[in-house]
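See below for the structure under consideration.
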Amino acid sequence: MTLKSIKLGLFTGAFALMSLSSFAQTAKQEEHSNPNVRLGQKALLDGDFKKAAIYLEKSLPVESKDPDVLYMLGYSQFQNGEFKKAAESFGKVVALDSKNANGYYFKGKANNNLATQTSTKLSSSAREALLKSAIEDYSKAIALNASDVKLYQNRALAFRDYGILVGTSGVANYNKAVATDAYNNAVKDFEKVLTFDASRKDIQTEIKKAKIYRDNLK
């Protein structure tokens, strides 16, 4: 089994659009020897991410050294909104496969989501650490795949979120200089996205917003 046939679409929101047609074809040709992996894979292809996560978790620790299994588990957890678990799973993926750009991408995305969730009881310093980690992972993914526009867009959003966090008066980690740099980096990445498609109004709006946030720092 291989995940090379999985094609990840651009992120238009919090979650990925995943094309699994070629993956399904490959899966039919080559079945995994572990029955829990096979069941998890089938649930994943059927879009039942909760069931997929259950079966794939059952395949551990036997398959704990298989980055493909861990990738499927992380993706299922991500889709279930279990971002902490997803980040941990994708962390294991990149530890086993340091050239897996999508592994870094999802790890970054999961941590970015955790940092910005208002429902989680995290300190501002913990949120800052998650955003720094997300930015670092997006940067590693870009180093591996510099032509993937979604990596720049999501790093820009992480920089923006970081600017909002440390640029908010009253928080323990308030730092105007750091926030200014974060907004400037967000603008640079958004501008990079426009080099792929200059007609994107959403990105043009994000650039304007980042500049306004930066210029209104106190």
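The values are calculated or read from the model by the stated rules, or taken from the named source; none is laboratory data. Please read these numbers as outputs of a predicted model, since none were measured by experiment. We place every Cβ from the backbone using ideal geometry, glycine too, and count neighbours over all the protein chains shown. Only protein heavy atoms, including side chains, enter the accessible area calculation; ligands, DNA and RNA are left aside. Shrake-Rupley method; radii C 1.70, N 1.55, O 1.52, S 1.80 Å.
Remark: pairs (first residue in the range 58-79, closer than 14 Å to L39 by Cβ; second residue of a type outside the set (A, V, I, L, M, F, W, C) and open to solvent by 30 Å² or more (accessible area, probe 1.4 Å); Cβ separation under 7 Å; 6+ apart in sequence or on different chains) = K58/N36; S59/N36; L73/E57.
Scanning the range 108-133 for residues that are among the basic types (K, R) and closer than 11 Å to Y162 by Cα returns R127, K132.
Output the helices (runs of 4 or more DSSP H) that fall wholly within the range 134-218 and possess 1 or more residues being under 18 Å from G103 (Cα atoms) and open to solvent by less than 20 Å² (accessible area, probe 1.4 Å), or say none. Before the answer, list the steps.
Numbers: elements: 149-166, 176-196, 201-215.
Output list reads 149-166.
Looking only at the range 53-84, residues that are among the aliphatic types (A, V, I, L, M) and open to solvent by 40 Å² or more (accessible area, probe 1.4 Å) come to 3 in all. Of all residues being basic (K, R) and either in contact with an Asp or Glu (Cβ under 8 Å, 6 or more places away or on another chain) or over 19 Å from P61 (Cβ atoms) (or both) in the range 85-119, which is most open to solvent (accessible area, probe 1.4 Å)? Just the residue, please. Once the filter is applied, the top-ranked residue is K99.
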